[in-house]
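Enquirer: Sharing a structure with you now.
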């Protein structure tokens with residue numbers, strides 16, 4: 001994973017974007033490479049669009065730099081990681097986890113299903129993972145396309 005930091009440094013240097021450091025941490029089992037910078041807006045962009053593009057680009061560069069597997073050998077799965085800027089995405093993940101736990105408590109207390117607002121596949125994964133061991137609730141995704149959402153269902157199991 002050290003090469004992810006190297007890729008980020010190369011990319012930021014090539015784009016002439018100043019940064020103070022790149023720190024590696026883990027949140028909810030996810031490796032996160034957080035860029036520390038004073039130029040937050042440039043790297044995050046509107047609604048995190050630039051940050052998502054940087055994340056995608058770094059992942060593609062990382063995949064292309066992996067050694068080609070020997071014929072017949074099992075290919076290693078690409079490690080999962082996120083690129084973050086000044087803990088922008090880390091805060092979003094923690095807020096989503098808090099919301100999921102709060103809605104699960106509501107489902108348990110009132111014994112009815114709670115439907116969350118539509119969210120991306122990654123956000124739904126965070127909710128499912130957060131609540132996988134929660135007592136008396138089950139989660140499932142419903143809907144299609146942009147309106148796909150998580151429903152937290154009360155369960156007596």
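The values are calculated or read from the model by the stated rules, or taken from the named source; none is laboratory data. Please read all numbers here as calculations on a predicted model, not as lab measurements. Note that each Cβ is placed from the backbone with ideal geometry, even for glycine, and that neighbours are counted across all protein chains shown.
Enquirer: Which count do you get for residues in the range 46-65 that are on the phi > 0 side of the Ramachandran plot and either more than 17 Å from the chain's Cα centre (by Cα) or at pLDDT 90 or above (or both)?
Expert: Step one: filter the range 46-65 for residues on the phi > 0 side of the Ramachandran plot, giving 47-48.
When the remaining residues are screened for being either more than 17 Å from the chain's Cα centre (by Cα) or at pLDDT 90 or above (or both), the result is none.
Summing the residues that are on the phi > 0 side of the Ramachandran plot and either more than 17 Å from the chain's Cα centre (by Cα) or at pLDDT 90 or above (or both) in the range 46-65 gives 0.
Enquirer: Can you run down the residue pairs with Cβ atoms below 6 Å, 6 or more apart or on separate chains, where the first is in the range 127-148 and in contact (Cβ under 8 Å) with a residue 60 or more places away in the chain and not assigned by TED's automatic domain parsing to the domain that holds residue 100 and the partner is surrounded by 12 or more Cβ atoms within 10 Å (Cβ to Cβ) and part of a loop (DSSP other than H, G, I, E, B)?
Expert: Correct list of pairs: empty, since none qualify.
Enquirer: Next question. Hey, can you tell me all the residues within the range 6-24 that are buried (at least 16 other Cβ atoms within 10 Å of the Cβ) and in contact with a strand residue (DSSP E or B) (Cβ under 8 Å, 6 or more places away or on another chain)?
Expert: 8, 12, 19, 22
Enquirer: Just to verify a result, which residue in the range 25-40, among those that are within 22 Å of residue 3 (Cβ to Cβ) and in a loop (DSSP other than H, G, I, E, B), is modelled with the lowest pLDDT?
Expert: 29
Enquirer: Could you run through the range 1-24 and say how many residues are in contact with a helix residue (DSSP H, G or I) (Cβ under 9 Å, 6 or more places away or on another chain) and in a helix (DSSP H, G or I)?
Expert: Residues that pass the stated criteria total 7.
Enquirer: Among (1) modelled with pLDDT of 85 or more; (2) out of contact with any helix residue (DSSP H, G or I) (no Cβ under 8 Å at 6 or more places or on another chain); (3) not assigned by TED's automatic domain parsing to the domain that holds residue 132, where does residue 76 come up short?
Expert: Tallying (1) modelled with pLDDT of 85 or more; (2) out of contact with any helix residue (DSSP H, G or I) (no Cβ under 8 Å at 6 or more places or on another chain); (3) not assigned by TED's automatic domain parsing to the domain that holds residue 132, residue 76 fails exactly one: (1).
Enquirer: Output the residue which, of all residues in the range 98-117 that are touching a residue at least 40 places away in the same chain (Cβ under 8 Å) and touching a helix residue (DSSP H, G or I) at 6+ places or on another chain (Cβ under 8 Å), is nearest to residue 140 (Cα to Cα).
Expert: Of everything passing the filter in the range 98-117, 113 is nearest to residue 140 (Cα to Cα).
Enquirer: Sticking with this one: Quick check, is residue 43 in a helix (DSSP H, G or I), within 22 Å of residue 67 (Cα to Cα) and modelled with pLDDT of 90 or more?
Expert: No, not satisfied.
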